[in-house]
Amino acid sequence: MFLEQGYETASVNDVVRRAGGSLATLYAQFGNKEGLFLAVAQDIHEDLITAMTPESVDHLPLEEGLQIIGVRFVRTMLSRDNLAFFRIIVGEGRHFPEQVQRYIAQGGAEKVRGVVARYIEACNADLGDSEVAASYLLELWRSRHHYRALATANYELTDEEMDAHVRDAVRFLLRALR
């Protein structure tokens, strides 16, 4: 409902009608519409983390592992549902900025960065602060493609374009940090 209608328009009654259950259960579980929205945000970020984390890249050289993680990250970021949810977070977050900031600090963005940072550390790469390196790399991966996809409904990358974009970002960052 949030993805289809936005936070403001979606109603808890519509959610209950679609999902089943009762309003009493919804309020007992989530407290209110805001609590439900933040729980949905948590689920979407958990899905992003799962989608971008391969079964195992621990045995791969740094550049190869980052390529796999990066392609998964970009593909997931450009998915229709993730783009829709990003628009909602940006557009509707003004209604509950403290909660969104707390969620970003404690959950979503930190976990995504942590996946990349832990992989960099596991490779014993001498890149300085792995959290900083991960932050830069995530922004390079997101870059122009995320913004174009947000603005253009039918924007897509071919597999070859995505591979090249991720590879170029990884190589750029590694050269810069080394």
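The values are calculated or read from the model by the stated rules, or taken from the named source; none is laboratory data. Bear in mind that the values here come from a model prediction, so they are computed numbers and not experimental data. Please note: Cβ atoms are built from the backbone with ideal geometry, for glycine as well, and neighbour counts cover all protein chains shown. Note: areas computed on protein heavy atoms with side chains; ligands, DNA, RNA excluded. Shrake-Rupley method; radii C 1.70, N 1.55, O 1.52, S 1.80 Å.
Tabulated data for the structure shown
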item	result
Options L36, L62, L48: the member that is at pLDDT 80 or above and closer than 23 Å to S143 by Cβ	L62
Cross-chain or 6+ apart pairs with Cβ under 9 Å, region 1-12 first and under 12 Å from H95 (Cβ atoms), then part of a helix (DSSP H, G or I) and open to solvent by 40 Å² or more (accessible area, probe 1.4 Å)	G6/R87; Y7/K33; Y7/E34; Y7/H95; E8/H95
Boolean, G70 is crowded, with 17+ Cβ neighbours inside 10 Å and within 16 Å of S135 (Cα to Cα)	yes
Filter result (over 27 Å from V90 (Cα atoms) and either among the small types (G, A, S) or within 14 Å of the chain's Cα centre (by Cα) (or both)) within region 131-168	A164
Any hit, region 100-112, residues being buried (at least 19 other Cβ atoms within 10 Å of the Cβ) and at pLDDT 85 or above	no
Residue among R175, R148, R171, R167 that is within 16 Å of R87 (Cα to Cα) and either in contact with a Ser or Thr (Cβ under 8 Å, 6 or more places away or on another chain) or basic (K, R) (or both)	R148
Hits in region 6-20 - residues which are at pLDDT 85 or above and either under 17 Å from F85 (Cα atoms) or open to solvent by less than 70 Å² (accessible area, probe 1.4 Å) (or both)	T9, A10, S11, V12, D14, V15, V16, G20
Qualifying positions in region 44-73 - farther than 12 Å from V116 by Cα and within 9 Å of the chain's Cα centre (by Cα)	I44, H45, E46, D47, L48
Residue tally, condition closer than 17 Å to I68 by Cβ and open to solvent by less than 40 Å² (accessible area, probe 1.4 Å), over region 142-178	9
